[in-house]
Amino acid sequence: MANQFTRQCAFLALAMYASCTPGADPGPDTAAPSGARRLELVRLVRNDCGSCHGLTLAGGLGPALLPGALHGKPVAGLTEVILNGRPGTAMPPWSRFLSASEAEWVVTQLREGFPDAH
């Protein structure tokens with residue numbers, strides 16, 4: 001039963017990953033995201049990440065992404081997980097869709113309390 005659940009969750013993560021626009025240009029890697037891109041990133045985290053980490057980011061299949069849960073974890077390590085995923089888990093790599101600076105912006109926002117999409 002647990003193996004079936006794990007396979008279903010991994011399939012869901014891969015399906016979400018594949019549903020993103022292939023070849024999307026994540027933008028420049030040197031600057032903070034623009035206002036429009038920030039809104040896209042907020043929606044991505046709330047919807048795509050939220051499907052495994054919980055829509056309120058309080059945890060689900062994946063761990064909680066709330067400030068308290070991320071306290072003490074290095075920004076570089078969290079950014080690495082976003083960009084490269086976690087092999088052997090349902091966490092896919094997002095480097096195809098996010099630049100390193102965008103992933104770092106997401107981590108910074110998560111550590112401060114992630115905004116809602118408006």
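Each reported figure results from applying straightforward, stated rules to the coordinates on display, with no laboratory input. All of these numbers come straight from a predicted model, not from anything done at the bench. All Cβ positions, glycine included, derive from the backbone under ideal geometry; neighbour counts span all protein chains shown.
Fewest-first ordering of HIS71, HIS53 by other beta carbons within 10 Å of each residue's beta carbon gives HIS71, HIS53. Neighbour counting of Cβ atoms within 10 Å sorts the residues ARG43, ARG111, fewest neighbours leading, into ARG43, ARG111. Working from label points 7 Å from Cα in the Cα-to-Cβ sense, the ASN84 to GLU112 distance is 2.7 nm. The alpha carbon centroids of the range 66-95 and the range 31-64 are separated by 12 Å.
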